[in-house]
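Any read-out appearing in this document is the output of simple, stated calculations on the displayed coordinates, not a laboratory observation. The model shown is predicted, which means the values in this text are computed figures rather than measured ones. Cβ sites come from the backbone with ideal geometry, for glycine too, and all protein chains shown count toward neighbours.
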Amino acid sequence: MKTIPIQKIILATLAFAFSNWKKLLESSIFPFLMAFPLITIFSEYVDIMNQLLNGGEVQFNFQNLLYPLLFIYGYMALLINIYRIAVKGNNSIVRFGIVLPNRRLGRFFLITLLLSIAEFPSFIFNGLEPFIYFLLIPISLNLVSIANDIPYKKIKLSIGVWGNIFLVNFGLLYIILQLLLWFGVGNFVLLGFNLLSVYWMAISLALSYKVIMANSSTQTH
């Protein structure tokens, strides 16, 4: 496969979101409940993180440790649900988006952790984020495989496919975010944009994966 049409993936992502918005909302119920405790103390948690970064002493309590773990659990559950809906259809997830701890979630967590470690330099050096995300696209596609219980298979991408996935999945959002920051929009708008970005990136990545796998299976038969 030499390329993925950018326009078609963008239109497919929009069409999928509009036609499946009820199922996407249902798939978000359990993840949101897991993330809600951290959301309620988010400002306090930000202050704690700033103190740590500035070398201050912080006294951790049970909530400081539990709530972030629940948030990560909810975030991974949301991605798994979206990946499954996009690849296998609306009947592929449990009602209300419940994702119980299992082997799939464990493998998903390990790769997510690996991706987070790989992205860490972008928090130190401004401007590295697009470059790092571009390099991590094949690993990100493997998350879609894990979410759908598909045995591991090395995903081979041409530079054209690789670049187009990057542009649709990340580049477009990055440009819009920079424009929003340039216009000085409020935090509420940025929060809404970041939330929608999670759905956009998950849907477009899963649809790109679906196209790649369909093309790959066609070529091998």
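Taking the Cα centre of the chain as origin, work out the dipole magnitude from +1 charges on Lys and Arg Cβ and -1 charges on Asp and Glu Cβ, in debye rounded to 20.
Dipole magnitude for the chain comes out near 1160 debye.
Can you bin the range 56-178 into rounded, prolate or oblate? Criterion: square roots of the alpha carbon gyration tensor eigenvalues sorted a ≥ b ≥ c, rounded for a/c under 1.5, prolate for a/b above b/c, oblate for the rest.
Note, shape of the range 56-178 comes out oblate.
At 222 nm, what value in deg cm²/dmol follows for the chain if DSSP H runs of at least 4 each add -39500 (n - 2.57) and the sum is divided by all its residues, to the nearest 500?
That comes out to -24000 deg cm²/dmol.
Could you go through the range 14-22 in sequence order and give the Karplus-derived ³J(HN,Hα) for each residue, using 6.51 cos²θ - 1.76 cosθ + 1.60 with θ = phi - 60°, rounded to whole Hz, and x for Gly and Pro?
Couplings: 5, 4, 5, 4, 6, 7, 10, 4, 5 Hz.
From the phi of every residue in the range 74-89, what ³J(HN,Hα) in whole Hz does the Karplus formula 6.51 cos²θ - 1.76 cosθ + 1.60 yield, where θ is phi - 60° and glycine or proline is x?
Result, rounded to whole Hz: x, 5, 5, 4, 5, 4, 4, 4, 5, 4, 6, 4, 5, 8, 10, x.
How would the range 1-50 be classified by its alpha-carbon gyration tensor: rounded, prolate or oblate, with rounded meaning a/c under 1.5 and the a/b versus b/c comparison settling the rest?
oblate
Report, to the nearest 10°, how far helix 187-219 tilts away from the longest principal axis of the Cα atoms in the chain, using its own Cα long axis and a range of 0 to 90°.
30 degrees
Along each of its three principal axes, how wide is the spread of alpha-carbon positions in the range 132-210, in whole angstrom units, largest first?
The Cα atoms of the range 132-210 stretch 44, 26, 18 Å along the principal axes, largest first.
Using the Karplus equation 6.51 cos²θ - 1.76 cosθ + 1.60 (θ = phi - 60°), what ³J(HN,Hα) coupling, rounded to whole Hz, does each residue of the range 169-181 give in order, writing x for Gly and Pro?
7, 10, x, 4, 5, 5, 5, 4, 4, 5, 5, 4, 5
What do you get for the angle between helix 103-119 and the principal long axis of the chain? Use alpha-carbon atoms, 0 to 90 degrees, nearest ten.
Between helix and principal axis, roughly 70 degrees.
Based on alpha-carbon centroids, what's the gap between the range 1-23 and the range 146-221 in Å, whole number please?
Here the two parts' Cα centres lie 10 Å apart.
Angle, helix 29-40 long axis vs. longest principal axis of the chain, Cα atoms, 0 to 90°, nearest 10?
Helix 29-40 sits at roughly 30 degrees to that axis.
Pick out which of Ala15, Ala86, Ala35 has the largest mean-square fluctuation in a Gaussian network model of the chain, springs linking Cα atoms closer than 10 Å.
Of Ala15, Ala86, Ala35, the most mobile in the Gaussian network model is Ala15.
Computed from these coordinates, which is percent of Cα pairs over 24 Å apart: (1) 49; (2) 39; (3) 53?
The listed entry that was calculated here is (1).
With a 10 Å Cβ neighbour count serving as the proxy for reagent exposure, in which order, fewest first, do Ile159, Ile146 appear?
If I rank by nearby Cβ atoms, fewest first, I get Ile159, Ile146.
Hey, which lysines would be in cross-link range of Lys23, C-alpha to C-alpha under 25 Å, not counting anything within fewer than 8 residues on its own chain?
List returned: Lys8, Lys88, Lys210.
What trypsin sites (Lys or Arg not before Pro) in the range 98-178 are in a loop by DSSP, with at most 16 other Cβ atoms within 10 Å of the Cβ?
Passing both the DSSP loop test and the Cβ count: Lys153, Lys154, Lys156.
Take the chain, mark every one of the chymotrypsin sites (Phe, Trp or Tyr not before Pro) that falls in a DSSP loop and has at most 16 other Cβ within 10 Å, then report the longest stretch left between them, sites excluded.
In the chain, the maximal stretch lacking such sites is 153-221.
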